Amino acid sequence: MDPTTDNAAPAGDPAAARAALEALRAEIAKAVVGQDPAVTGLVVALLCRGHVLLEGVPGVAKTLLIRALAAALELDTKRVQFTPDLMPSDVTGSLVYDARTAEFSFQPGPVFTHLLLADEINRTPPKTQSSLLEAMEERQVTVDGTPRALPDPFLVAATQNPVEYEGTYPLPEAQLDRFLLKLTIPLPSRQDEIDVLTRHAQGFDPRDLRTAGVRPVANAADLEAARRAVATTTVSPEITAYVVDICRATRESPSLTLGVSPRGATALLATARAWAWLTGRDYVIPDDVKALALPTLRHRIQLRPEAEMEGVTADSVINAVLSHVPVPR
């Protein structure tokens, strides 16, 4: 893969890297209609070296979104369709015996890529779901006692159907907590759906992104320059305390059996920094924290059964917390 493109930013130039990443929205919009929040969330996850859980009903372009992102970022991508009979080795790879050499050699699985699309991850049992845990946390895969490093950047974008759907296995809390963001992919608006059908009527083929004109507008070098710039974004003690107060408030909510852990607080601080940098600032403000609170925290809390029966949702609990925790001035 050629590490440069015509639109690549000069190595180490944060301003040009920001411009390149901002161009992703327009480029992906050539293939996916009306999903700007999801695109932004994926970029934030890449900047934070995190992973993303995409939830939505079938047919809302979750897979197409990831493929378009990989094409616009000039990154390798692979897709795994999670099914009830999928084995962990089908994801991570395995040792294969070579009769000619009388030795075992490692055959890499699809996890060895930049963007791994784990499609319908909650349709496979927990044993196979957990095969991604080491890859997501340690950026490596251990087979037969030998650790093997994964490429950088590396992002798992796991799609799942709502848990009420038939044949789903809810992800355990320990694995949910490994995802930096949970993005909900809604059904399109009427006008967006008209635009989708119009594109298809004009010959758009979702299996061939070249027909939509999607081309690389950024690359791994831009991403690395952006990550270095995000790491220098200033966080005041007041903002740090604000993040902690939000997360501690979830632990005291009467609607929850499980509040946000310290790992969740760290994640919220990281995503707020990335969002602040993307919007052109070198410091974090309370609005940055508020903007990323829902996607960063909604999958890290657990509702009480009685609260669910009353129609309480994770998002409504977080919004209530945000409205009650004092905002630093």
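The values are calculated or read from the model by the stated rules, or taken from the named source; none is laboratory data. Everything numeric here is computed off the predicted structure, so don't read it as measured data. All Cβ positions, even for glycine, are placed from backbone atoms using ideal geometry, and neighbour counts span all protein chains on display. We work out accessible area using only protein heavy atoms, side chains counted, and drop any ligands, DNA or RNA first. Shrake-Rupley method; radii C 1.70, N 1.55, O 1.52, S 1.80 Å.
Brief remarks follow.
- For peptides 294-300, 73-79, sequence by mean Cβ density within 10 Å, most packed first: 294-300, 73-79
- Placing +1 on the Cβ of every Lys and Arg and -1 on the Cβ of every Asp and Glu, with no other charges, gives the stretch 45-161 a dipole of roughly 240 debye about its Cα centre.
- Residue 95 accessible area, 1.4 Å probe, all protein chains in place, Å² to nearest 10: 60
- Think of the stretch 195-329 as a dipole: +1 on every Lys or Arg Cβ, -1 on every Asp or Glu Cβ, centred on the Cα centre; then among 219, 296, 260, 219 lies furthest on the positive end.
- Protection-proxy order for peptides 214-223, 309-318, 137-146, each taking the mean of Cβ atoms within 10 Å per residue, highest first: 214-223, 309-318, 137-146
- Accessible surface calculations at 1.4 Å, restricted to protein heavy atoms, place the chain at 48 Å² per residue.
- Put the Cα centre of the stretch 59-137 next to the Cα centre of the stretch 279-329 and the gap is 32 Å.
- Under the Debye formula (equal points on every Cα, no solvent term), log10 I(q)/I(0) of the chain at q = 0.11, 0.14 Å⁻¹: -0.76, -1.21
- Dipole magnitude (debye, nearest 20) for the chain, charges at Cβ of Lys, Arg, Asp, Glu: 380
- Counting only protein heavy atoms and a probe of 1.4 Å, the accessible surface of the chain is 54% carbon and sulfur.
- With DNA, RNA and ligands ignored, accessible area of residue 36 (1.4 Å probe; Å², nearest 10): 80
- Among 62, 290, the sequence by solvent-accessible area, most first, with a 1.4 Å probe is 290, 62.
- Sum of -39500 (n - 2.57) over DSSP H runs of 4+, divided by residues of the chain (222 nm, nearest 500): -12500 deg cm²/dmol
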